[in-house]
Structures are given as C-alpha cells and as structure tokens.
C-alpha cells in the first residue's frame, strides 16, 4: 500500500515517450502486485500541471497520459516536485506504508535553487524521491543526498533491465 | 452534498463597464453574487460554496462553506487585483478546493475572457474532468472569438459544463441563477 506520484516533463517529445512507456509498465505491475497502492500524476513544463490526484484508479493515469500535449519551454522540475509533495501531504490517508515521487528530468539545465531543498523536505516527510533521466553524463550540480538518480536508456525502454530493477526496488522496497 | 466553487476573473479588464454592467463588470458581478448566492443556498440545504479569484495568477479566497456571513464578507471585498488572465490556474485551484469533498462538484468560471497567461485551460480541464468537476462558464461579453472560444468549448465538452454569454446585468443574473441551481436539478 504505497502512494506514488509520477512527475513528468512534457517539454520534449523524446522524454515523454520514455516516461509513458515506463509508467504504463509500472502501472501493470502495480495492478498485479499492489492493487491497493494509490497513484497520482503531475506534469510540468515551466510550471506544474496537476492532472490526477492520488487515487486507486490506475487506468486513469494511463488514460490521461494519452491526452497530454507537449508544451515546449524551459523545464522547471522544482514546480512539479512541489506540486507532488503538496499532493502527497494533503491527500495523506494515513494508510500508506511508503510514499514515492518518480520525477523525470533531462538534466538540460540546473533546476531552480529550491529543487534540492524540496528533495530534503520530501525526505523529512518520509517521501523517497527518484530522479529518472535518459542522460548518463552526470552534471556537476547534481548531488545525490536524498535523491536517488536512475538512468534510463532512450533507445529501447522496453528492453532496459534497469527499468524492471527499479520498478522492483520501488514496489518491493528492495 | 453539492459543492460549487466560484472562479472569478479579477483582471484589469474587469474594471471596464459593458452595457448596463456598470460602473464596472467586477462591481456588477459582486452585486449579483451577493444576491444570488444567498438565494441559492436558501433553496438548497446541502449546497456549499467556495471561491477562487484569478488574474495573472490565482488565489483561493473562500474554502467550501455554508456560512453565509463568511461568504458575504468575502464576496463583498471582491476587487480587481492585477494584469493578465489565467483561468486555467483558477480552475486548478478550484479542483484543489473540491478534491476532498463528497457529492457533486462544480466550478463556475465568471470571466470576460481574453485569456493570456498561466496553465492552458484545456490542460486544467483534464484535471477537472479526472475528478468529476463540472465546469460552467459565464462570460461577460457580446461574443467569443479565436482561442478563447476554442478553449472554453473544449473545457465544457471535457467537463460536461455549459457556456453562458451574458452581455447585460439581466442575462448575467439569469445565467448565474441557472448555473448555481442546475447542480440541484441534475441530481
């Protein structure tokens, strides 16, 4: 019984397809193994766009993913992160065991100054933040701290073993 | 329980008058709201009212409540706040006010259109639709054109809402009354 909020970057079609395939795969796994987990969805471009509040209806997230347009602008992941923390905090039903934020970011530029403060805030609230990125080159400003960075290949997301490993880690808490 | 959030445009253009909506659109809206909201609450014992205002950004001004004094005090202080018009932000804020409530949920957006900022209205509409928030528009204008018309039509289609064009005080009052009372009738 976990609460999971997906925070997706909608500024570039390349990353949107990666995000979509990962989320669909994760939702399939959740439906099989964790039917009582709740999922939420937040998109961001240069601002946050909440789309699905935490709910048990996992198909709603998949359905919504199909409707989201690309909004080209400079991505501001801190806005999406803030919205996700707010969602987990405000809709906390005191039943969930673990809370996760799965945030996608292309690491194209350094996020706003509050990004890492928000990651620390999430940690204090018991929320684990994963940062998914297709770029292996690690920028200097990216510090680990409370952030778990996961590299995903853009070429063959369906065949990437690290996706399954990461999903297992999130679902099973391994 | 029926829940309605009034999403009110307080951008600079609301300072102008339109036909008999004088001395300004915002003051005509305020007068009508003070009158109609009380009546709607008297008619419907399970109606809760909340409020959000928007210009270039949005601000929640009234949590969902049945307390008529709080509603009256809040609405009587409505005024123009600034430049820009971001109804998408207003709608998102309205859904957030409604998301923990039970029963029917509706957002009534009162605006003179000319949308130019913030979260795209059609994306905010996805959020509202996902949470079963019906969305009506009461537009203080003679006609709608271009993007405004497209965005409003798309939003009401997604959110099973209605659009009212109200270029006069009389039509505004009728539309407001119809919108607030339809939540009861459609049960």
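Table for the structure above
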| read-out | value |
| --- | --- |
| Using distinct alpha-carbon pairs, which all enter the 1/r mean, Kirkwood radius of the protein assembly as shown in Å | 21.5 Å |
| Least to most buried among B:80, A:39, B:5 (fewest other Cβ within 10 Å first) | B:80, A:39, B:5 |
| Averaged over B:127-133, number of beta-carbon atoms from partner chains that fall within 10 Å | 4 |
| Region A:32-160: C-alpha pair distances exceeding 17 Å, % | 62 percent |
| Fewest-first ranking of A:98, A:110, using other Cβ atoms within 10 Å as the exposure measure | A:110, A:98 |
| Size of region B:62-169 as Cα extents on the principal axes (Å, biggest first) | 39, 31, 24 |
| Computed over chain B: relative contact order in percent, which uses C-alpha pairs under 8 Å that are six or more apart | 25 percent |
| If the convex hull is drawn through the Cα atoms of region A:37-84, its volume per residue in Å³ | 58 Å³ |
| Percent of beta bridges antiparallel (DSSP, region B:28-187, rounded to nearest 5) | 35 percent |
| Peptide-level mean, for B:87-93, of C-beta atoms on other protein chains within 10 Å | 1 |
| Fraction of antiparallel bridges per DSSP, chain A only, in percent to nearest 5 | 15 percent |
| Average beta-carbon neighbours from other chains, 10 Å sphere, peptide A:65-76 | 1 |
| Antiparallel DSSP beta bridges within the protein assembly as shown, as percent of all bridges there, nearest 5 | 20 percent |
| Debye intensity ratio in log₁₀ form over the Cα atoms of region B:1-66, taken at each q of 0.16, 0.22, 0.27 Å⁻¹ | -0.61, -0.96, -1.13 |
| Region A:21-174, relative contact order [Cα under 8 Å, separation at least 6], % | 18 percent |
| Approximate shape of chain B as ellipsoid semi-axes (Cα gyration tensor, √5λ), whole Å, largest first | 21, 19, 15 |
| Fewest-first sequence of A:94, A:58, B:106, B:174 by Cβ atoms within 10 Å of each Cβ | A:94, B:174, A:58, B:106 |
| Volume in Å³ per residue [convex hull over Cα atoms, computed for region B:27-104] | 89 Å³ |
| Hydrodynamic radius of region B:131-187 per Kirkwood, over alpha carbon pairs, in Å | 11.9 Å |
| Kirkwood estimate for region A:59-110, i.e. one over the average of 1/r between Cα atoms, Å | 13.5 Å |
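Each value in this text was obtained by applying a stated rule to the coordinates, not by laboratory testing. Fair warning: this is a prediction, and the values are worked out from it, not measured in the lab. Using ideal geometry, Cβ is built from the backbone for each residue, glycine included, and neighbour counts are taken over all protein chains shown.
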